[in-house]
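Report on the structure given below.
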Amino acid sequence: MSDQYLLSRQLDHLAELQTRYERALADNGYDSLLIASGAAPYRYGDDQAWHFQGYGPFLHWTGLAGQENAWLWVRRGEKPVLWLYQPVDFWHASPSLPEEPWQQFIEVRSHQEKDVPDLENTGRLAVIGDPACLGGAPGDHNPDELLRAVEETRVHKTGYEIECLAFANRAALRGHRAAREAFLAGESEFGISLAYQLATQQREADAPYHSIIGLNEHAGTLHYQYYDTKAPARPRSLLIDAGVRFRGYCSDITRTTPGEGEGRFGALVHGLDQVQQRLCDMVKPGVDYIDIHRKAHQGVAALLSATGMVSGLSDDSMVEQGVTRAFFPHGIGHYLGIQVHDVAGKPTAPPADAPFLRLTRKLEEGMVVTIEPGLYFIPSLLQPLMEGALAKHVNKSMLEELRGCGGIRIEDNVAVTGTGARNLTREAEL
Ligand code: GLY
Ligand code: MN
Ligand code: MN
């Protein structure tokens, strides 16, 4: 896919956005909408600001994640206007603007102030964004119904968005390959993070989320957030969950690598990988995402039984009695887009057997989801199992041995097509 082709699709994306926004505005009785990109807040009691990543709807139009204090005005029947904050400032640089076709579709103006720009002929106006940045803006601030309608415009990705997500996958996989090599060469979590950043040419702060890089037991903390600077004496496993942001769009990929000589753990990684690919094959229009989550529990049960970690219980009863939840406590995934956990996934609450599931909708063409089953050895979840009524079914010595490997997660990004799915991660691995 050439850059030219990708950019040519950007104009179609914007035309589609204009249509979707005009409908959302009309349905909610508004004539125009001002979107604030936002600004990084300062740390409490300090003169240092948090690292900035802009507000979703602003990125949806512009792809500009680093533009603070910018404003985008979307109007029914008129060209959108973008005010970029470009003060004369010898302390900070203004981010440069890439030459891209969207500038034909949006009128760009320079703005010296952080405040709301002067607007004329707004009609009935709504303003959305971080309330901390909206002070003094006219119109209705963050009206609920309109916000929901704006979020809904992000659910079905345009062709351009899917290509951006595919690009973000290809870029992240370069990092995953480098991370794996660094692990096998004996690097620490910190060293692996540097290898990832170098290969992706992305600094940690610009990543869509804090990269999760866990060696050994750390792989069993779902959102492990530190980087040890010293490698363990015996590197047994690497779990890396890391993505790249490209023109605003995120990838969210997890790979698990066994250390040298970890045959049993390696077989489990292979087994979960096969389960994960079967789950990815379920993705198509009309499928209830919750059913993929439930199928994942069946797959984990089958693995627990095939390896002898749990015996004397059928797969169904392992799921019903919560055994699989002790090994796989999170949801099967979520929407992916401008935000790593993209919006509008939970119009209804998740069911009681999947409390952490972030997506409860039926799949439709254009949705992009993650498929990320896991199998972990988490002491606080396994302890009750090993000491409770089902203790006799659990192979404690095997669990003890595997505990030092932490756990496994395998995560791909999958786009729903008209008839099935496109696995944006696996296609880039080939
Ligand atoms: N990287 C966070 C997640 O997989 O949801
Ligand atoms: Mn994810
Ligand atoms: Mn992830």
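The values are calculated or read from the model by the stated rules, or taken from the named source; none is laboratory data. These numbers were taken from a predicted model, which means no experiment stands behind them. So basically every Cβ, Gly included, is an ideal-geometry build from the backbone, and we count neighbours across all protein chains shown.
I'd like the full set of residues that are closer than 16 Å to Glu372 by Cβ, without any contact (Cβ under 8 Å) to a residue 24 or more places away in the chain and more than 12 Å from ligand 2 (Cβ to nearest atom), limited to segment 209-243.
Passing the criteria: only Tyr224.
Determine which member of the set Ala301, Ala354 is out of contact with any strand residue (DSSP E or B) (no Cβ under 7 Å at 6 or more places or on another chain) and part of a loop (DSSP other than H, G, I, E, B).
Step by step, each of Ala301, Ala354 is checked, and only Ala354 is out of contact with any strand residue (DSSP E or B) (no Cβ under 7 Å at 6 or more places or on another chain) and part of a loop (DSSP other than H, G, I, E, B).
When you check Glu372 against the structure, is it within 14 Å of ligand 1 (Cβ to nearest atom) and among the charged types (D, E, K, R), yes or no?
Values: within 14 Å of ligand 1 (Cβ to nearest atom): yes; among the charged types (D, E, K, R): yes.
For Glu372, the condition - within 14 Å of ligand 1 (Cβ to nearest atom) and among the charged types (D, E, K, R) - is met.
Kindly indicate whether Asp115 is of a type in the set (Asp, Glu), farther than 30 Å from Gly374 by Cβ, touching a residue at least 12 places away in the same chain (Cβ under 8 Å) and outside any helix (DSSP H, G or I).
Details: of a type in the set (Asp, Glu): yes; farther than 30 Å from Gly374 by Cβ: yes; touching a residue at least 12 places away in the same chain (Cβ under 8 Å): yes; outside any helix (DSSP H, G or I): yes.
Answer is yes for this residue.
What is the number of the single condition among (1) under 21 Å from Asn413 (Cβ atoms); (2) buried (at least 17 other Cβ atoms within 10 Å of the Cβ); (3) more than 16 Å from ligand 1 (Cβ to nearest atom) that Thr324 does not meet?
(1) is the only condition that Thr324 fails.
Got a sec? Which of Leu72, Leu59, Leu84, Leu97 is hydrophobic (A, V, I, L, M, F, W, C) and assigned to a loop (DSSP other than H, G, I, E, B)?
Working: Leu72 fails: assigned to a loop (DSSP other than H, G, I, E, B); Leu59 fails: assigned to a loop (DSSP other than H, G, I, E, B); Leu84 fails: assigned to a loop (DSSP other than H, G, I, E, B).
Checking each option against the conditions leaves just Leu97.
Yes/no matrix, rows are residues, columns are (1) surrounded by fewer than 19 Cβ atoms within 10 Å (Cβ to Cβ); (2) within 16 Å of ligand 1 (Cβ to nearest atom); (3) not acidic (Asp, Glu):
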| site | (1), (2), (3) |
| --- | --- |
| Tyr196 | no, yes, yes |
| Ile212 | no, yes, yes |
| His218 | no, yes, yes |
| His223 | yes, yes, yes |
| Tyr226 | yes, yes, yes |
| Arg236 | no, no, yes |
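Just one of the numbered conditions (1) without any contact (Cβ under 8 Å) to a residue 24 or more places away in the chain; (2) in a helix (DSSP H, G or I); (3) surrounded by fewer than 19 Cβ atoms within 10 Å (Cβ to Cβ) is not true of Arg294; which one?
Single failed check for Arg294: (1).
Could you check segment 299-313 and list, in sequence order, the residues that are touching a residue at least 24 places away in the same chain (Cβ under 8 Å) and among the polar types (S, T, N, Q)?
Across segment 299-313, the qualifying residues are Thr307, Ser311.
Matching residues to (1) buried (at least 17 other Cβ atoms within 10 Å of the Cβ); (2) among the aromatic types (Phe, Trp, Tyr):
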| residue | (1), (2) |
| --- | --- |
| Leu119 | yes, no |
| Leu125 | yes, no |
| Pro131 | no, no |
| Glu145 | no, no |
| Tyr160 | yes, yes |
| Asn169 | yes, no |
| Ala179 | yes, no |
| Ser188 | yes, no |
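Which residues, taken from segment 118-149, are without any contact (Cβ under 8 Å) to a residue 40 or more places away in the chain and over 32 Å from the mean Cα position of the chain (by Cα)?
Asp118, Glu120, Asn121, Gly136, Pro138
State the number of residues belonging to segment 376-415 that are more than 16 Å from ligand 2 (Cβ to nearest atom) and outside any loop (DSSP other than H, G, I, E, B).
Just the residues of segment 376-415 that are more than 16 Å from ligand 2 (Cβ to nearest atom), to begin with: 377-406.
Now narrow it down to the ones that are outside any loop (DSSP other than H, G, I, E, B): 379-387, 391-394, 396-403.
Going through segment 376-415 one residue at a time, the tally reaches 21.
Check off (1) among the aromatic types (Phe, Trp, Tyr); (2) away from ligand 2 (no atom under 16 Å from the Cβ); (3) within 22 Å of Gly186 (Cα to Cα) for Phe246 and give me the number that stays unchecked.
Just one mismatch for Phe246, condition (3).
How about segment 417-430: which of its residues are within 16 Å of ligand 2 (Cβ to nearest atom) and buried (at least 20 other Cβ atoms within 10 Å of the Cβ)? Break it down into steps so the answer makes sense when it comes.
Start the filter on segment 417-430 by keeping residues that are within 16 Å of ligand 2 (Cβ to nearest atom), which leaves 423-426.
Across segment 417-430, the qualifying residues are Leu424, Thr425.
Just the residues that are aliphatic (A, V, I, L, M), touching a residue at least 60 places away in the same chain (Cβ under 8 Å) and more than 16 Å from ligand 1 (Cβ to nearest atom), please, taken from segment 381-430. Write out each step before concluding.
Here is the first cut: in segment 381-430, the ones aliphatic (A, V, I, L, M) are 381-382, 385-386, 389-391, 394, 398-399, 402, 408, 410, 414-416, 421, 424, 428, 430.
Subsequent filtering for residues that are touching a residue at least 60 places away in the same chain (Cβ under 8 Å) retains 385, 390, 394, 398-399, 402, 408, 410, 414-416, 421, 424, 428.
Matches in segment 381-430: Leu385, Leu390, Val394, Met398, Leu399, Leu402, Ala415, Val416, Ala421, Ala428.
Can we say Ala40 is in contact with a strand residue (DSSP E or B) (Cβ under 6 Å, 6 or more places away or on another chain) and at pLDDT 95 or above? Can you show your working first?
Numbers: in contact with a strand residue (DSSP E or B) (Cβ under 6 Å, 6 or more places away or on another chain): yes; at pLDDT 95 or above: yes.
So Ala40 passes the test.
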